[in-house]
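Asker: My questions will all concern the structure given below.
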């Protein structure tokens with residue numbers, strides 16, 4: 001079994017400072033095999049925000065799979081936005097825009113969906129999907145295949161379809177062909193876990209889709225700060241949500257769901 005801590009939407013520049021140390025200490029105690037950060041490390045892609053984000057990431061255990069979000073591209077500096085949109089991200093966070101972690105049980109691949117031509121939305125392209133195919137097809141049958149993006153390929157109820165990553169149907173078909181099991185994303189500041197069967201009618205295929213809320217931002221959009229812990233066995237995944245509880249001054253487990261795979265279809269299970 002493997003453990004993944006899934007953080008998202010840190011938004012340094014608009015963080016609740018009181019959450020940083022308790023979250024760091026808890027993530028360390030959880031002893032994850034991988035820490036995933038699915039984008040929006042900063043609020044306005046400023047140098048000081050990236051430095052603060054990098055310093056905090058350095059306090060977390062590794063390995064780490066980190067991808068950028070739309071907030072990690074400059075908004076008001078037009079020249080930087082269009083000419084060097086991820087210059088600060090690659091300087092302070094990582095040069096690798098398609099990070100990968102593979103061990104004996106899981107294969108985790110990050111895909112950059114942030115784009116300078118749009119203020120909020122994300123996109124994938126054919127080149128990225130071709131790279132994904134090569135890497136996922138290289139994994140063995142024993143691997144649980146996991147994709148990490150900032151923008152989501154599926155949505156909780158009551159969210160507008162414009163929040164989906166652009167070219168999502170094309171990407172989902174590629175994921176199905178490669179047997180991708182789990183999709184981790186952020187962007188919405190809303191926690192959710194379910195499968196892709198409701199939106200994508202792909203015969204014999206349904207991925208497990210897991211959304212993380214914002215771990216540390218003051219912009220919670222009605223949901224407490226939260227993050228996910230996934231415990232992954234070959235045919236079972238437990239998704240546990242931890243939320244910030246003001247009364248205890250700590251992140252506490254508040255909701256757990258179990259998912260099981262049959263063939264290439266992941267579905268909610270009654271219990272582990």
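Asker: When residue 114 is evaluated against the numbered criteria (1) crowded, with 17+ Cβ neighbours inside 10 Å; (2) at pLDDT below 95; (3) more than 18 Å from residue 183 (Cβ to Cβ), which criterion, by number, is the only one it fails?
Answerer: Unmet for residue 114, out of (1) crowded, with 17+ Cβ neighbours inside 10 Å; (2) at pLDDT below 95; (3) more than 18 Å from residue 183 (Cβ to Cβ): (3).
Asker: Name every residue in segment 26-42 that is closer than 26 Å to residue 249 by Cβ and under 17 Å from the mean Cα position of the chain (by Cα), in order of residue number.
Answerer: 27, 32, 35, 36, 37, 38, 40, 41, 42
Asker: Moving to a separate point now. So, residue 72, is that one in contact with a strand residue (DSSP E or B) (Cβ under 8 Å, 6 or more places away or on another chain), at positive phi and surrounded by 15 or more Cβ atoms within 10 Å (Cβ to Cβ) or not?
Answerer: no
Asker: Sticking with this one: Could we say that residue 61 is surrounded by fewer than 21 Cβ atoms within 10 Å (Cβ to Cβ), within 18 Å of the chain's Cα centre (by Cα) and assigned to a loop (DSSP other than H, G, I, E, B) here?
Answerer: So residue 61 fits the description; yes.
Asker: Still on this structure: Among the residues of segment 20-32 satisfying the criterion of being surrounded by fewer than 19 Cβ atoms within 10 Å (Cβ to Cβ) and touching a strand residue (DSSP E or B) at 6+ places or on another chain (Cβ under 8 Å), which is nearest to residue 229 (Cα to Cα)?
Answerer: 30
Asker: Among what's in segment 247-272 and is assigned to a strand (DSSP E or B), touching a residue at least 60 places away in the same chain (Cβ under 8 Å) and more than 17 Å from residue 230 (Cβ to Cβ), pick the residue that is nearest to the chain's Cα centre (by Cα).
Answerer: Ranking the qualifying residues of segment 247-272, first place goes to 265.
The values are calculated or read from the model by the stated rules, or taken from the named source; none is laboratory data. Since the model is a prediction, treat every value here as computed from it, not as a measurement. Using ideal geometry, Cβ is built from the backbone for each residue, glycine included, and neighbour counts are taken over all protein chains shown.
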